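A.B. asks: The structure follows.
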Amino acid sequence: MGISFIIPYCGERKYIQECLESLENQTCKEFEALVVCDHCDEEDKRAVTELSLSFPVTLLDTGEKTGVAAARNIGLAASRQEFVFFMDCDDFLRAGAVESMLAAARESDIVYVRRYYSWIGYRGFLEMEKLPDDSTEKHTYINTSRIEREDKTFPLLPDNATSWETVFYHLLKSVIRFTFLSALNLLYRREMLVKNAVTFDEQFIYQADMGFLAKAFCCTERVAELTEEPYYVKRRRNDPINLPSLAQRKDATNKAMEVMRAYLYVKEVIRGKNEFIESCFDCKFVKDYVRQTIAAYMKEKSSKKVKELRSLADECLPLISKEALKLARPYTRRSVNYSLTHTTEKIAARARRHSAFQTFKRTIGRKRKMIPLIYRKLLLRFPIKEKMILFETFFGRNYSDSPKYIFEYISQQYSGEYECIWVLNKKTKLPYPAKQVKRFSLRYYYYMARSKYFVYNVRQPKSFIKRKGTVFLETWHGTPLKRLVFDQVEVSGASPLYKEQVYNQSRSWDYLIAPNQFSSDIFRSCFMYDKEMLETGYPRNDILHLPEDERERQVGEIKNNLGIPLDKKVILYAPTWRDDEFFDKGQYRFTLQLDLARMQETLGDEYVVVLRTHYFIVNVLDLSAYQGFVFNESTYDDIAHLYLIADLMITDYSSVFFDYANLRRPILFFMYDIEKYRDALRGFYIDIEEELPGPILMTSDEVIATVQNLPQVEQTYEEKYRVFYEKYCGWENGTSTKQVVETVFHK
Ligand code: C2G
């Protein structure tokens, strides 16, 4: 007794490896894997064959055919085990799955195994499983709670339901709509499928599963449900732009048509077999009709397609049972009844009115929703102001970074020509005239609607709409060391939809600044950016190239302002944030690992420390014990001023050292959690052991000893520093701002 796992594979190499790894980790090895290649190249195949696995894996090929349905049929025809189990190559099994499934299958032809949903891959999933159930992170990335939803639009299971009805019932109930029904996470006795010629109908691209399921269930009464916890983990793909799953493909009209065809198919198969189950199907289908078909009526531009939709709908709607309609939500019920007697145009118009009313209901009285609605519906109608520029740095948290220097340059060189608006959450004294607005206020949206120019150093809000004729200058905020967006495999620590969001946002950027060739190349890949790259270096680093005497003057002024003793050398400690250390979404925590007491004891006569946490960090560190030795400048506007006064920088994985290196002063890397950061959280673009212009240190004692021995360290790293400087700071010579402004504003 064993299982044939049938896995269609289109070359998603990383996914298939994790899928097979989850099989390798099963304690019971009574199975084989049949990987069915759907137009894979040799390298894709090698990704499977090069794995060393302790169970048999056979590579099959779809040949002339294509699609999941064809691949599964080919796998089914080749399988030799007593049971078959269809898997998607991006999904995986939890430990103990095979054992439990086989135990439950003794007396059954079909075993239904419950599933989890996960936004992260197998390895990340295993880590998340260890977290307590109430952890926010676990909750964001894995759906462990809503296995079966409360659904008032679905009938109750009768007390005398057979096991057949019970399993079918739970299977249907577990999905929100008919569309999501899937032939995965079920174990089928192969003989039963073969004897009854149960296969996937290859005319379907998206919805072949429903017909298969209905046929399989109608062949047997011997069905069981594995009521233990879910064993099958369905991955939700985090990159719908490059690697969309079938469900994520944007093909709304064809999907709506297929759902209706699949519904007709299923009705045909189960008609007369069981009225209760038929009505369960109907309960799910009515939702698809409203969500997909009517939505397609509203959006589809081709009248031919709308006609096709309508003719399918006319076949489907009369088949929906009265019971299902009775249970449906009032709007759904009325929509179906209305559709039976009205034209397609009228159905679409009614749906539009409903949708507008729903938006209004959701928005009214809620400021955060109301203002963007006013922006979309009203403010965007005002004309664009040709000379208006909106500046924002770090989400309005401070006045700094490249936008600050661009603003100051424009204000000096083109005084009075532009109307400048700054997004600042706290009132700030600015050196030149500019209006200040709070982020997300009505005024913010007003200026977002009217400005011709946008100068941002982070992503703009998701609600931003790019108007024709406007110019978006994205300065970004650092040479990337840690992997970003499309170069990240997993995105734990951000929204699971992060990649899609960034993709949509970066489509609005007209110019992006690159501080060096290395960043220019990476920005193209990590943002999938294809517009103009300003290879000018960072405007924010011009200040680091001021003439010596002017720099000295500024150093004295900054130190005086901050109350830093002039006779002490300054160590700037500027660490970054950690994706896995937070209180809540976007509220990051920093735990100080540097032993400040020991530093004060050993270095206090010669040095003071300026501590600068990342702008995401919300916890305020209590440093009262180190008064006069540690200066917490975490909320100081411009970190470039802190670079200027620092004789030495200590950092970790922050991009700050790429900028600071412009000063050619020593940099130490206090990377006490390097393994976790590099291997689990982010991964780096560069080989840090090879390239960093200073030593990697793991303990406070090492940091202290290195500071005490600085000349020696500088000598050791002299050559590496030179190479580093050339590669990352070579474009920066104090003229970046001028170059950027001349290209974007004064061509
Ligand atoms: N920063 C700061 N203080 C710190 C850390 C960072 O003021 N302690 C500022 C610096 O201007 C730095 C920028 O925030 O260049 C980005 O910080 P990183 O630590 O590199 O982290 P992150 O915001 O994740 O940006 O391409 C760069 C990446 O996007 C990283």
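The values are calculated or read from the model by the stated rules, or taken from the named source; none is laboratory data. The model shown is predicted, which means the values in this text are computed figures rather than measured ones. Virtual Cβ from ideal backbone geometry, glycine too; neighbours counted across all protein chains shown. Side chains included, ligands, DNA and RNA excluded: accessible areas come from the protein's heavy atoms. Shrake-Rupley method; radii C 1.70, N 1.55, O 1.52, S 1.80 Å.
A.B. asks: Is there a pair in 234/305; 438/676; 387/462 whose C-alpha atoms are over 27 Å apart, and which pairs would that be?
C.D. replies: 234/305; 438/676
A.B. asks: Could you compute the FRET efficiency for residue 349 and residue 246, with r as their C-beta to C-beta distance and R0 at 25 Å, rounded to 0.05? If you can, show how the numbers build up before the last one.
C.D. replies: Working: r = 31 Å, r/R0 = 1.25.
Rounded to the nearest 0.05, the efficiency is 0.20.
A.B. asks: Remind me, what semi-axes does the stretch 7-107 give for its equivalent ellipsoid, largest first in whole Å, using sqrt of 5 times each Cα gyration tensor eigenvalue? Walk me through the numbers before you get to the answer.
C.D. replies: Numbers: eigenvalues 100, 52, 23 Å².
Taking √(5λ) for each eigenvalue gives 22, 16, 11 Å, largest first.
A.B. asks: How much accessible area does residue 376 have with a 1.4 Å probe, in Å² rounded to the nearest 10?
C.D. replies: My reading of the accessible area for residue 376 is about 110 Å².
A.B. asks: Separation between the residue 162 and residue 562 pseudo-spin-labels, each 7 Å from Cα along Cα→Cβ, expressed in nm?
C.D. replies: With each label point 7 Å from Cα toward Cβ, the separation is 7.9 nm.
A.B. asks: What percent does the relative contact order of the stretch 538-616 come to when contacts are Cα pairs within less than 8 Å and at least six residues apart? Before the final figure, lay out each step's value.
C.D. replies: Details: 57 pairs, mean separation 28.0, N = 79.
The normalised contact order for the stretch 538-616 reaches 35 percent.
A.B. asks: For the chain, give the magnitude of the charge dipole about the Cα centre (Cβ charges: +1 Lys/Arg, -1 Asp/Glu; no others), in debye to the nearest 20.
C.D. replies: 5400 debye
A.B. asks: In terms of Cα to Cα distance under 14 Å, which aspartates and glutamates are near enough to residue 738, apart from those fewer than 8 places away along the same chain?
C.D. replies: 408, 535, 542
A.B. asks: Between residue 340 and residue 709, how many nm apart are label points set 7 Å from Cα along the C-beta direction?
C.D. replies: That separation, rounded to one decimal, is 8.7 nm.
A.B. asks: A follow-up question, please. Work out how much length residue 302 to residue 664 would gain on full extension: take 0.36 nm times their residue separation and subtract the Cα-Cα distance, in nm to one decimal. Before the final figure, lay out the partial values.
C.D. replies: On the way: separation 362, 0.36 × 362 = 130.32 nm, distance 6.24 nm.
The residue 302-residue 664 span can extend by a further 124.1 nm.
A.B. asks: Something else about it: Under a plain spin-label model, where a point goes 7 Å from the Cα along Cα-to-Cβ, how far apart in nm are residue 678 and residue 501?
C.D. replies: 3.0 nm
A.B. asks: Of the listed peptides 305-317, 449-461, 16-28, what is their order by residue-averaged count of other C-beta atoms within 10 Å, with the highest listed first? Don't skip to the end; give the middle numbers.
C.D. replies: On the way: 305-317: 16.8, 449-461: 22.2, 16-28: 19.0.
Descending mean neighbour count gives 449-461, 16-28, 305-317.
A.B. asks: Oh, and also: Quick one: Debye curve from the alpha-carbon atoms of the chain only, equal weights, vacuum; give me log10 I(q)/I(0) at q = 0.05, 0.06, 0.12 Å⁻¹ to two decimals.
C.D. replies: So the normalised log intensities work out to -0.34, -0.48, -1.33.
A.B. asks: Calculated from DSSP H runs of 4 or more alone, at -39500 (n - 2.57) each and per residue, what is the 222 nm mean residue ellipticity of the chain, nearest 500?
C.D. replies: The helix contribution divided over the chain gives -11500 deg cm²/dmol.
A.B. asks: If I take every Cα pair under 8 Å that is 6 or more residues apart in the stretch 588-747, average their sequence separation and divide by the length, what percent do I get for the relative contact order? Spell out each step's value before the answer.
C.D. replies: Numbers: 140 pairs, mean separation 30.1, N = 160.
So the answer I get is 19 percent.
A.B. asks: Now for a different question. Evaluate the Debye formula for the stretch 441-527 with equal point scatterers sitting on the alpha carbons, no solvent, and hand back log10 of I(q)/I(0) at q = 0.14, 0.25 Å⁻¹, in q order, two decimals.
C.D. replies: Results for the stretch 441-527 at q = 0.14, 0.25 Å⁻¹ read -0.54, -1.33.
A.B. asks: Something else about it: For the full complex of protein chains and a 1.4 angstrom probe, list 289, 331 by accessible area with the highest value first. Before the final figure, lay out the partial values.
C.D. replies: Working: 289 0, 331 50 Å².
Highest to lowest solvent-accessible surface, that is 331, 289.
A.B. asks: Can you spot the aspartates and glutamates whose alpha carbon is less than 20 Å from residue 284's alpha carbon? Ignore those fewer than 8 places along the same chain.
C.D. replies: Leaving aside aspartates and glutamates fewer than 8 places away in the same chain, those within reach of residue 284 are 148, 150, 151, 165, 209, 258, 268, 275, 314, 315, 323.
A.B. asks: Grab the beta carbon distance between residue 733 and residue 117, set R0 = 56 Å, and tell me the FRET efficiency rounded to 0.05.
C.D. replies: Numbers: r = 52 Å, r/R0 = 0.92.
Given R0 = 56 Å and the Cβ-Cβ separation, E is 0.60.
A.B. asks: Can I ask one more? Å³ per residue of the Cα convex hull, for the stretch 188-300?
C.D. replies: In the stretch 188-300, the Cα hull volume divided by residue count equals 150 Å³.
A.B. asks: Using modelled amide H (1.01 Å from N, peptide plane; none on Pro or chain starts), what sits under 5 Å from the amide H of residue 11, excluding residues fewer than 5 places away?
C.D. replies: 38
A.B. asks: Pick out the long, greasy-scoring helices in the chain: whole DSSP H runs spanning 24 Å or more along their own axis by Cα, mean Kyte-Doolittle at least -1.0. Display every interim value, and only then the final one.
C.D. replies: Numbers: long enough: 252-270 (27 Å, 0.21); 344-363 (28 Å, -1.08).
In the chain, the long hydrophobic H runs are 252-270.
A.B. asks: Related question: Using the heavy atoms of the protein chains alone and a 1.4 angstrom probe, what is the accessible area of the chain per residue in square angstrom? Don't skip to the end; give the middle numbers.
C.D. replies: Working: 32840 Å² over 747 residues.
For the chain, the per-residue accessible area is 44 Å².
A.B. asks: Now for a different question. Counting other Cβ atoms within 10 Å, which GluC sites (Glu not before Pro) in the stretch 156-260 have at most 14 and lie in a DSSP loop?
C.D. replies: Values: sites: 165, 191, 202, 221, 225, 228, 258; in loops: 202, 221, 228.
Those that pass, being in a loop and sparsely packed, are 221, 228.
A.B. asks: Nothing charged except the Cβ atoms of Lys and Arg (+1) and of Asp and Glu (-1): what's the magnitude of the dipole of the stretch 505-640 about its Cα centre? Round to the nearest 20 debye.
C.D. replies: 300 debye
A.B. asks: In what sequence, highest mean first, do 92-99, 5-12, 126-133, 655-662 appear when ranked by Cβ atoms within 10 angstrom? If you can, show how the numbers build up before the last one.
C.D. replies: On the way: 92-99: 20.5, 5-12: 22.5, 126-133: 13.0, 655-662: 24.1.
Ranking, from highest mean packing down: 655-662, 5-12, 92-99, 126-133.
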